[in-house]
1. Looking only at region 168-180, how many residues end up being part of a loop (DSSP other than H, G, I, E, B) and either at positive phi or in contact with a strand residue (DSSP E or B) (Cβ under 7 Å, 6 or more places away or on another chain) (or both)?
């Protein structure tokens, strides 16, 4: 439809141009009349050029890659980062605490919380509530839902797909997928993305259509 409209607009401009020439003062130069056959040929040529140019344009999301495991890092910290490496990289935490029920420890750096499971020396997950940190695809607290969604390929419409996926398949938690899920205290959607190795994966929580906080699961 867009291509047809472009072609019609071109022909309208062409007709307007010819009308202006017709109403202009007569000149000594002889103008060869444009026959219907010539006009049709010109129209076909122009339309073909428009269609060819449109066909050569890349689709909106064709150049956007899936989320990769090496992108899932926050201020240089990944699931392979140990406690000692975390402190060496970021300094001593602002505070630390433990949750005996879940057997996890928290290292808090401003609005970022790095989580360690009991008995593990590497980061288990990262919670992000700040707008000033290095995050996957530079997604920040306060970003709009559509802006976040458009940072990833859109192979299908999550609103009509069976599993809410916009790329890949959520079935059996296969690798390389992105999907939207309705959940949370506010009934707002979350975007969940799995990498080529399934983990790490990245979850973005929304409230009122804006990013409220994010999680990296290692």
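1. So the first thing to find is which residues in region 168-180 are part of a loop (DSSP other than H, G, I, E, B), and the list is 168-170, 174-176.
Going one step further and asking which of them are either at positive phi or in contact with a strand residue (DSSP E or B) (Cβ under 7 Å, 6 or more places away or on another chain) (or both), we end up with 168-170, 175-176.
So the count comes out to 5.
So that you can scan it fast, the table gives a plain yes or no per residue for (1) touching a helix residue (DSSP H, G or I) at 6+ places or on another chain (Cβ under 9 Å); (2) in a loop (DSSP other than H, G, I, E, B); (3) outside the structural domain of residue 195 (by TED's automatic domain parsing); (4) farther than 22 Å from residue 77 by Cα:
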position	(1), (2), (3), (4)
126	no, no, yes, no
141	no, yes, no, no
148	yes, no, no, no
153	no, yes, no, yes
160	no, yes, no, yes
163	yes, yes, no, yes
166	yes, no, no, yes
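The values are calculated or read from the model by the stated rules, or taken from the named source; none is laboratory data. Values in this document were obtained by computation on a predicted structure and should not be read as measured data. Glycine also receives a Cβ, built like all others from the backbone with ideal geometry; neighbour counts cover every protein chain displayed.
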